[in-house]
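Participant: Starting off with a structure, shown below.
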Amino acid sequence: MRTPSLFLLCFALTIPVLAQSERWTEAQANAWYAKQPWLVGCNYCPSTAINELEMWQADTFDPATIDRELGWAEGLGMNTARVFLHDLLWKQDPEGFTKRIDQFLTIAHKHHIKPMFVLFDSVWDPNPHLGKQRAPKSGVHNSGWMQSPGAAALEDPSQVPRLEAYVKGVVGAFKDDPRILAWDVWNEPDNTNGSSYGDEEPKNKLELVSALLPKVFAWARAAEPSQPISCGVWLGDWSSHGVMSPMERMQIECSDVVSFHNYDKPPEFEKRVEWLQRYHRPILCTEYMARGNGSTFEGIMPIGKKYKVALYNWGLVVGKTQTNLPWDSWQHPYTDREPEVWFHEVFRNDGTPYRQEEVKFIKEMTNNGAKMDSRKDRGK
């Protein structure tokens, strides 16, 4: 019932900037993707940071750790990383934040890694704050991650101009930077965190996000980025456009390239890739790999390579986010034991692999991809 209004809202909010920047056509999106290697990377936060605020704030920005850990990613053959930003960082110090992003890009470029930056995020703690971040909660997965914008900003219409300035400012500052792969405008916008912070969420969160998300797309387009923008679907039935939720349809209809999350076993992953092929656009899986849930490198990477779906596993190095612990640690904290199987992450914080055979497999897959792309280039 709400589909037409949401689509029209998305379209209407884009009209003022159509003369400057439109959604890419299928041909434009596929031409961009044809120039990319098989994209393989991770969702990255340094092991010394509990969340994106601690990663980026001046007092805790840690280029030495970032350099070391992205070197390990490069060693796996990874060529991209998905990295979260935060609106409060722009509010705090736009010039300093911009300089630190540039420094991060310099480090990533050194390791032949092109980041996809995430602007907003609806997952985990809805009450972010600047300054010193809390210590990890013992035995709990991602116990300190912060939403952007937080609940207070989401519920306050007077914050909209500040959020607009953030999006236009950060995208505009790097709109032609070849070191950046893409922009992910909002992580899981319709996630209400029922198993963690559900009681602290606005009761009308979905309504608030549904109103703001198309504006975010329009703001990002107004900055005229040379990189594509996207917003990944992650939940529900995508077997046809008509059965998808209004939010999911908006995400697809406003994105240059299609992106999605999936932490299921290989048959479900492949089914969802096949569903999304009907859009005839590049497909990027921006979150996968939860060993205890049956989503593994060995099971998913061959499917991603078969369909040339970009793959970003969650996590790289075990650290303050504690995402080696499973989701159910929110209900049953792992305070007296290690998980039988790590949920996410690839390396211990000294750089040794969690599973040596797994690392060997990843390297085999990415090296084969590099050779395939090299042969393709020589054949042109």
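The values are calculated or read from the model by the stated rules, or taken from the named source; none is laboratory data. Here the structure is a predicted model, which means the values were calculated and not measured. Cβ coordinates were reconstructed from backbone atoms using ideal geometry, including for glycine residues, and neighbour counts include every protein chain displayed.
Participant: Considering Asp199, Asp190, Asp264, which residue is closer than 25 Å to Asn142 by Cα, modelled with pLDDT under 95 and of a type outside the set (Ser, Thr, Tyr)?
Facilitator: So the residue among Asp199, Asp190, Asp264 that is closer than 25 Å to Asn142 by Cα, modelled with pLDDT under 95 and of a type outside the set (Ser, Thr, Tyr) is Asp199.
Participant: Evaluate the range 110-118: report whether one residue or more is over 17 Å from Trp38 (Cα atoms), more than 19 Å from the chain's Cα centre (by Cα) and at pLDDT 95 or above.
Facilitator: yes
Participant: Filter the range 197-227 for residues that are outside any loop (DSSP other than H, G, I, E, B) and of a type in the set (Gly, Ala, Ser); which is farthest from Ala182 (Cα to Cα)?
Facilitator: Applying the filter and picking the extreme gives Gly198.
Participant: When you look at Arg291, is it basic (Lys, Arg) and in contact (Cβ under 8 Å) with a residue 60 or more places away in the chain, yes or no?
Facilitator: No.
Participant: Something else about it: Pairs, please: C-beta under 7 Å, at least 6 apart or cross-chain, first residue over 25 Å from Ala64 (Cα atoms) and in the range 27-45, second assigned to a helix (DSSP H, G or I) and aliphatic (A, V, I, L, M)?
Facilitator: Within 7 Å, the pairs are Pro37/Ala370.
Participant: When you look at Pro46, is it modelled with pLDDT of 95 or more, part of a loop (DSSP other than H, G, I, E, B) and under 17 Å from the mean Cα position of the chain (by Cα), yes or no?
Facilitator: Answer is yes for this residue.
Participant: Does Asp184 meet the test of being surrounded by fewer than 18 Cβ atoms within 10 Å (Cβ to Cβ), touching a residue at least 60 places away in the same chain (Cβ under 8 Å), out of contact with any helix residue (DSSP H, G or I) (no Cβ under 6 Å at 6 or more places or on another chain) and under 28 Å from Trp90 (Cβ atoms)?
Facilitator: Against the criterion (surrounded by fewer than 18 Cβ atoms within 10 Å (Cβ to Cβ), touching a residue at least 60 places away in the same chain (Cβ under 8 Å), out of contact with any helix residue (DSSP H, G or I) (no Cβ under 6 Å at 6 or more places or on another chain) and under 28 Å from Trp90 (Cβ atoms)), Asp184 does not qualify.
Participant: Can I ask one more? Please pick out the residue among Asp184, Asp156, Asp121, Asp177 that is more than 23 Å from Pro214 (Cα to Cα) and at pLDDT 95 or above.
Facilitator: That would be Asp177, the only listed residue that is more than 23 Å from Pro214 (Cα to Cα) and at pLDDT 95 or above.
Participant: Out of the residues in the range 344-367 that are among the hydroxyl-bearing types (Ser, Thr, Tyr) and surrounded by 13 or more Cβ atoms within 10 Å (Cβ to Cβ), state the one that is farthest from Ile303 (Cα to Cα).
Facilitator: Tyr354
Participant: Do any residues in the range 95-110 that are over 14 Å from Glu74 (Cβ atoms) have Cβ atoms under 7 Å from those of residues that are among the small types (Gly, Ala, Ser) and modelled with pLDDT of 95 or more, where the two are at least six apart or on different chains, and which pairs are they?
Facilitator: Once the first residue is over 14 Å from Glu74 (Cβ atoms) and sits in the range 95-110, its partners that are among the small types (Gly, Ala, Ser) and modelled with pLDDT of 95 or more give Gly96/Ala58; Thr98/Ala173.
Participant: Follow-up question, since we're still on this one. Can you confirm whether the range 273-288 contains a residue that is in contact with a Ser or Thr (Cβ under 6 Å, 6 or more places away or on another chain) and surrounded by fewer than 24 Cβ atoms within 10 Å (Cβ to Cβ)?
Facilitator: Yes: one or more hits.
Participant: Follow-up. Tell me, which residue of the range 313-343 that is under 20 Å from Lys360 (Cβ atoms) and out of contact with any His (no Cβ under 8 Å at 6 or more places or on another chain) is surrounded by the fewest Cβ atoms within 10 Å (Cβ to Cβ)?
Facilitator: The residue in question is Val341.
Participant: With (1) without any contact (Cβ under 8 Å) to a residue 12 or more places away in the chain; (2) within 18 Å of Glu52 (Cβ to Cβ) as the list, and Ser158 as the residue in question, which single condition is left unmet?
Facilitator: The one condition Ser158 does not meet is (2).
Participant: Another question, then. Which residue is surrounded by the fewest Cβ atoms within 10 Å (Cβ to Cβ), if the candidates are limited to the range 133-167 and must be in a helix (DSSP H, G or I) and of a type in the set (A, V, I, L, M, F, W, C)?
Facilitator: Top of the filtered list is Ala152.
Participant: Let me ask you something else. Considering the range 195-218 alone, what residues qualify as being buried (at least 23 other Cβ atoms within 10 Å of the Cβ) and out of contact with any Ser or Thr (no Cβ under 9 Å at 6 or more places or on another chain)?
Facilitator: Once the filter is applied, which keeps residues that are buried (at least 23 other Cβ atoms within 10 Å of the Cβ) and out of contact with any Ser or Thr (no Cβ under 9 Å at 6 or more places or on another chain), the range 195-218 yields Leu213, Val216.
Participant: Suppose we keep only residues that are among the hydrophobic types (A, V, I, L, M, F, W, C) and assigned to a loop (DSSP other than H, G, I, E, B) within the range 237-267. Which one would you say is surrounded by the fewest Cβ atoms within 10 Å (Cβ to Cβ)?
Facilitator: Met244
Participant: Among the residues that make up the range 84-103, is at least one of them under 18 Å from the mean Cα position of the chain (by Cα), modelled with pLDDT of 95 or more, surrounded by fewer than 23 Cβ atoms within 10 Å (Cβ to Cβ) and within 19 Å of Pro37 (Cβ to Cβ)?
Facilitator: Checking the range 84-103: not a single residue is under 18 Å from the mean Cα position of the chain (by Cα), modelled with pLDDT of 95 or more, surrounded by fewer than 23 Cβ atoms within 10 Å (Cβ to Cβ) and within 19 Å of Pro37 (Cβ to Cβ).
Participant: Kindly list the number of the only condition in (1) surrounded by fewer than 21 Cβ atoms within 10 Å (Cβ to Cβ); (2) out of contact with any helix residue (DSSP H, G or I) (no Cβ under 7 Å at 6 or more places or on another chain); (3) not in a loop (DSSP other than H, G, I, E, B) that fails for Glu298.
Facilitator: (2)
Participant: Within the range 154-179, can you find the residues that are among the aliphatic types (A, V, I, L, M) and farther than 30 Å from Leu325 by Cα?
Facilitator: Across the range 154-179, the qualifying residues are Val160, Leu163, Ala165, Val167, Val170, Val171, Ala173.
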